[in-house]
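K.L.:
Sharing a structure here in structure tokens format.
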Amino acid sequence: MHLLKVYILPLLVAIFLLLLVRCCFVTHYEVQTALPELRLQEGDRLLVGRYVSAGMKRGTIVAFRHPSTAKIELARIIARPGDSLWVDNQQQRVFFQKRAGIESSFMVPGHCEPVDVQLQSASLLCYVLRHYEKARAVQMVGKRLHIGGVPATRLHFSQNYYWLEGVGLLPESFILGPALCITYSSRDWQPRWNRFLRPL
């Protein structure tokens, strides 16, 4: 009875608490290939929060499920819901600050926030509606977005979206949470001590 009270019960409580924290609040992610744009090296183990909050700022590194492969990947938030992007169809590039010669902007969709449909953003919004919002009867007719055969001028979305570096527009439901810190780092079984408990 004494053995149960002193050793086994505290051990079971500790295991339960560890599993609870791991399942509900944080998890670990191992970087498989170096990501120089995020200053991460192969073998870094990251502590990733299991929450997505509206307070995630531009520049935050997040873990997300890639839409086409379902693999867990990392990227930096470039634009948040409500931020404006400028689309240059000639160069097929997106700019995050107004540039000369680019007249139209595109607002990153937010939950229940109206987004104006413009010629430059219509095909992107069509893709988002089909793949992430599961909207039916959405199609491009020429360069215009039509929903149910009617041209769309303004849309509302069911969730927040973020523009991620190297990925593009991604819904909040695909984001697992922010990367908090590097907890451990090694390469070829050799620890890299200068990267232990390093904040991101």
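K.L.:
For the stretch 53-76, check the following and say yes or no: at least one residue is modelled with pLDDT under 85, in a loop (DSSP other than H, G, I, E, B), surrounded by 14 or more Cβ atoms within 10 Å (Cβ to Cβ) and not polar (S, T, N, Q). Walk me through it before giving the result.
P.N.:
Narrowing the stretch 53-76 to residues modelled with pLDDT under 85: 53-56, 70.
Filter again for in a loop (DSSP other than H, G, I, E, B), leaving 53-56, 70.
Those still in the list that are surrounded by 14 or more Cβ atoms within 10 Å (Cβ to Cβ) too: 56.
Narrowing the set further to residues that are not polar (S, T, N, Q) leaves 56.
Yes: one or more hits.
Conditions tested, residue by residue: (1) in the same structural domain as Arg39 (by TED's automatic domain parsing); (2) within 15 Å of Val115 (Cα to Cα).
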| residue | (1), (2) |
| --- | --- |
| Ile147 | no, yes |
| Ala152 | no, yes |
| Leu155 | no, yes |
| Leu164 | no, no |
| Cys181 | yes, no |
| Arg187 | yes, no |
| Pro191 | yes, no |
| Asn194 | yes, no |
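K.L.:
Specify the residue that is surrounded by the most Cβ atoms within 10 Å (Cβ to Cβ); the eligible residues are those in the stretch 152-200 that are acidic (Asp, Glu) and modelled with pLDDT of 85 or more.
P.N.:
Top of the filtered list is Glu172.
K.L.:
Would you confirm, using the coordinates I've provided, whether Arg99 is at pLDDT below 70, among the charged types (D, E, K, R) and closer than 19 Å to Leu164 by Cβ?
P.N.:
no
K.L.:
Of the residues that make up the stretch 1-24, is at least one within 22 Å of Arg192 (Cβ to Cβ), of a type outside the set (D, E, K, R) and modelled with pLDDT of 85 or more?
P.N.:
Of the residues in the stretch 1-24, the ones within 22 Å of Arg192 (Cβ to Cβ) are none.
No, every residue in the stretch 1-24 fails to be within 22 Å of Arg192 (Cβ to Cβ), of a type outside the set (D, E, K, R) and modelled with pLDDT of 85 or more.
The values are calculated or read from the model by the stated rules, or taken from the named source; none is laboratory data. This structure is a prediction, so every number in the text was calculated from the model and none was measured. Quick reminder, even Gly has a Cβ in these numbers, built from the backbone with ideal geometry, and neighbours come from all protein chains shown.
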